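> One structure coming up, written as structure tokens, with questions to follow.
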Amino acid sequence: MRVFWHMVLALAALWLPSAAEARAKDSTGVEVTVSRSGAGWVIDYRFAHAAPVWFFPRSANALDKAPWRPRSWTVETPGVTLEHVGHYDMLAGNGAPLRHVRIRMKPYAEPLIGDYTPALAFSDGNLALYSEQFFPMPAASREAVVALPGDLNGVELETTPATLRLVDSGRRLLFKGRATEGRLSVPLGDAGDYVYSGDAALTENAAFAGVIDAGLPAWVRGQLDDFTPRLFALYRERLGAPATGRPIGLVAWQGAEKPGWSLGGSVLPGTIVMQLSGKRVLASDPQVLAQLQWFLGHESSHFWLGQTVRYSRRAESWITEGGADLLAIRAIETLAPGYDAHEKLQQELDECLQRVGPGEALGASDDRNQFRAYYACGALMMLAAESVSKRKGGDLFGFVRALIGAKHADGSINADDWFTAFAAAGANPAIAVRLRDYVDKGDADPRGMWTAIFDSAGIAWWMDGQRITLGVKPAA
């Protein structure tokens, strides 16, 4: 039986700070030149610093959990290989220091698990490339790369300054709102952004300015011009001004060749990115509309919870991802009459119980390849914080605003800060301790833990067979 529709929603991690607390080895650095060559692209690496191995800290897998670079990059320099070891892709030769490596690139425009899509393909043939996919770091050996943890935050590593030079003659290059013609240089090694290469006109609405694909179906463009400004206005009113100001938007339409529909994207500091495709997107469709509003609600909230304040370690993604989920639920409830918040909250509960089992720590979900647990279980933690806050006349937005106010000098908060805010909102101390253990060590009975938290926070639930069901049990 042929499946006539599909949906892919990849919401990339919102904050991946500089790959590590790194120490610079020399000032000559790495030059990465990415240039259009005929119908394709060429990447030239020139390494001034001597190292036998260079690995890529941004090495998230594709949606099928396999590395994406081998599908996109072909090494042309003799004796040099590209392989995935441990958590990372790496370039290596015969043990001698690498000096110049040339790679043929076919831009990879599919979503990744927990990171930004390497390339955005627009219907007019234009392209946007995520800059940090090209950032390499030196290593002493293959074994040294294998030994690296999946989260490099707090790990001291050697690095060298790196610069990306994008060359695409005759096209406008746009990076962080700055436009140049044909040639652009940007530093590598921070959160990065997309470099747009093309000739489309820049457009704007009350929420963002940027490149909106001319091929985008009219009804989607209407939602971007109507729903998004109202959404931003709600967040700004309830959470204060975001640190980024009005963001840049990159919205790519990837055609209607495939049945069904696909929606993906992410936000970066000051940038919102969206990709749509599929026949069902051509005409307004209630399911596609609901997912579009959900995407905008979740991703836009990250300009506050994710950028105005961010988590300190990847293991604390539940703070920003779970918070963004519940912020989106409450925002859409306000702006879209008829939205069923109960259905989405029940999905969060079902998914959390599925992805975090007995004795499994929520904070280690990424190590188990269960990044989605941060969304679902984090949303339930925020739901508990919201419910506790309401007893003192507060709400979710007030709780998030308190988190923003508690940020450290570097703009981050951590699990300690979240639990401090939870206690200040009036959480039962014993329940807070159990929930903290669930984050750090796991709970032997997650189902019993969640029902105890719901009882303590005043969240209604009932048993529908073996399923924990949120809400009041219907009358017989």
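> Would you confirm, using the coordinates I've provided, whether Gly442 is within 18 Å of Leu362 (Cβ to Cβ) and part of a loop (DSSP other than H, G, I, E, B)?
yes
> I've got another one for you. Within region 98-111, does at least one residue satisfy the condition of being open to solvent by less than 50 Å² (accessible area, probe 1.4 Å), touching a helix residue (DSSP H, G or I) at 6+ places or on another chain (Cβ under 6 Å) and more than 17 Å from Ala62 (Cβ to Cβ)?
No, there is no match, as no residue in region 98-111 is open to solvent by less than 50 Å² (accessible area, probe 1.4 Å), touching a helix residue (DSSP H, G or I) at 6+ places or on another chain (Cβ under 6 Å) and more than 17 Å from Ala62 (Cβ to Cβ).
> Within the bounds of region 447-465, is there any residue that is out of contact with any Asp or Glu (no Cβ under 7 Å at 6 or more places or on another chain), assigned to a helix (DSSP H, G or I) and among the basic types (Lys, Arg)?
Yes, there is a match, as at least one residue in region 447-465 is out of contact with any Asp or Glu (no Cβ under 7 Å at 6 or more places or on another chain), assigned to a helix (DSSP H, G or I) and among the basic types (Lys, Arg).
Here's the yes/no breakdown for (1) surrounded by fewer than 14 Cβ atoms within 10 Å (Cβ to Cβ); (2) more than 29 Å from the chain's Cα centre (by Cα); (3) free of Cβ contacts under 8 Å to residues at least 12 places away in the same chain:
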residue	(1), (2), (3)
Lys407	no, no, no
Asp416	yes, no, yes
Gly426	no, yes, no
Arg434	no, no, no
Asp443	no, no, no
Gly448	yes, yes, yes
Ile453	no, no, no
Ser456	no, yes, no
Gln466	yes, yes, yes
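> If Gln354 passes every condition in (1) more than 25 Å from Leu296 (Cβ to Cβ); (2) open to solvent by less than 70 Å² (accessible area, probe 1.4 Å); (3) not acidic (Asp, Glu); (4) not in a loop (DSSP other than H, G, I, E, B) but one, which one does it miss?
Unmet condition: (2).
> Of all the residues that make up region 187-215, how many are surrounded by fewer than 20 Cβ atoms within 10 Å (Cβ to Cβ) and under 24 Å from Arg246 (Cβ atoms)?
Residues in region 187-215 being surrounded by fewer than 20 Cβ atoms within 10 Å (Cβ to Cβ) and under 24 Å from Arg246 (Cβ atoms): 14 in total.
> Being touching a His at 6+ places or on another chain (Cβ under 7 Å), surrounded by 17 or more Cβ atoms within 10 Å (Cβ to Cβ) and not hydroxyl-bearing (Ser, Thr, Tyr) is true for just one of Pro138, Pro52. Which residue is that?
None of the others qualify; the one that does is Pro138.
> Using the structure shown, decide if Ser18 is modelled with pLDDT under 95, of a type in the set (Ser, Thr, Tyr), surrounded by 15 or more Cβ atoms within 10 Å (Cβ to Cβ) and under 19 Å from the mean Cα position of the chain (by Cα). Before the answer, list the steps.
Numbers: modelled with pLDDT under 95: yes; of a type in the set (Ser, Thr, Tyr): yes; surrounded by 15 or more Cβ atoms within 10 Å (Cβ to Cβ): yes; under 19 Å from the mean Cα position of the chain (by Cα): yes.
Here the answer is yes, as Ser18 does meet what is asked.
> Does region 239-255 contain at least one residue that is modelled with pLDDT of 90 or more, of a type in the set (D, E, K, R) and either in contact with a Gly (Cβ under 7 Å, 6 or more places away or on another chain) or within 14 Å of Phe303 (Cα to Cα) (or both)?
no
> Name the residue that is farthest from Ala179 (Cα to Cα), counting only residues in region 193-206 that are of a type outside the set (Ser, Thr, Tyr) and more than 20 Å from the chain's Cα centre (by Cα). Give the derivation first.
Applying the first criterion (of a type outside the set (Ser, Thr, Tyr)) to region 193-206 yields 193, 195, 198-202, 204-206.
Subsequent filtering for residues that are more than 20 Å from the chain's Cα centre (by Cα) retains 198-202, 204-206.
On the way: Gly198: 11, Asp199: 11, Ala200: 12, Ala201: 12, Leu202: 10, Glu204: 15, Asn205: 19, Ala206: 21 Å.
Only one residue tops the list, namely Ala206.
> Would you pick out the residues in region 432-449 that are of a type in the set (Gly, Ala, Ser) and closer than 22 Å to Glu386 by Cβ?
Listed by number, the residues that qualify are Ala432, Gly448.
> If you don't mind, there's one more thing I want to ask. So how many residues does region 184-205 have that are in contact with a strand residue (DSSP E or B) (Cβ under 7 Å, 6 or more places away or on another chain), touching a residue at least 12 places away in the same chain (Cβ under 8 Å) and polar (S, T, N, Q)?
2
> Identify the single condition in (1) at pLDDT below 95; (2) in contact with a Lys or Arg (Cβ under 8 Å, 6 or more places away or on another chain) that Asp367 does not satisfy, given that it satisfies every other one.
So the condition that Asp367 fails would be (2).
> From the set of residues in region 150-186 that are open to solvent by less than 50 Å² (accessible area, probe 1.4 Å), hydroxyl-bearing (Ser, Thr, Tyr) and in a strand (DSSP E or B), which is nearest to Gln133 (Cα to Cα)?
Checking each candidate, the answer is Thr163.
> Report whether or not Asn369 is among the polar types (S, T, N, Q), surrounded by fewer than 24 Cβ atoms within 10 Å (Cβ to Cβ) and free of Cβ contacts under 8 Å to residues at least 60 places away in the same chain.
no
> Another question, if that's okay. Which of (1) buried (at least 17 other Cβ atoms within 10 Å of the Cβ); (2) modelled with pLDDT under 95; (3) touching a Lys or Arg at 6+ places or on another chain (Cβ under 9 Å); (4) of a type in the set (A, V, I, L, M, F, W, C) is the odd one out, the single condition Ala315 does not satisfy?
Ala315 satisfies all of (1) buried (at least 17 other Cβ atoms within 10 Å of the Cβ); (2) modelled with pLDDT under 95; (3) touching a Lys or Arg at 6+ places or on another chain (Cβ under 9 Å); (4) of a type in the set (A, V, I, L, M, F, W, C) except (3).
> Quick one: which of Ser412, Ser389 is crowded, with 16+ Cβ neighbours inside 10 Å, within 23 Å of Ser456 (Cα to Cα), of a type outside the set (A, V, I, L, M, F, W, C) and in contact (Cβ under 8 Å) with a residue 12 or more places away in the chain?
Of the residues listed, the single one that is crowded, with 16+ Cβ neighbours inside 10 Å, within 23 Å of Ser456 (Cα to Cα), of a type outside the set (A, V, I, L, M, F, W, C) and in contact (Cβ under 8 Å) with a residue 12 or more places away in the chain is Ser389.
> I'm trying to understand the selection: among the residues of region 302-312, which are touching a strand residue (DSSP E or B) at 6+ places or on another chain (Cβ under 9 Å) and either open to solvent by 10 Å² or more (accessible area, probe 1.4 Å) or within 16 Å of Ala328 (Cβ to Cβ) (or both)?
Kept after step one, since they are touching a strand residue (DSSP E or B) at 6+ places or on another chain (Cβ under 9 Å), are these residues of region 302-312: 302-303, 306-307, 309-312.
Once the filter is applied, which keeps residues that are touching a strand residue (DSSP E or B) at 6+ places or on another chain (Cβ under 9 Å) and either open to solvent by 10 Å² or more (accessible area, probe 1.4 Å) or within 16 Å of Ala328 (Cβ to Cβ) (or both), region 302-312 yields His302, Phe303, Gly306, Gln307, Arg310, Ser312.
> Name the single residue, out of those in region 334-345 being more than 23 Å from the chain's Cα centre (by Cα) and in a helix (DSSP H, G or I), that is surrounded by the most Cβ atoms within 10 Å (Cβ to Cβ).
Selected residue: Leu335.
The values are calculated or read from the model by the stated rules, or taken from the named source; none is laboratory data. Quick caveat, the model's predicted, so the values are computed rather than measured. Note: ideal-geometry Cβ built from the backbone for every residue, glycine included; neighbour counts use all protein chains shown. With ligands, DNA and RNA removed, areas are computed over all heavy atoms of the protein, side chains included. Shrake-Rupley method; radii C 1.70, N 1.55, O 1.52, S 1.80 Å.
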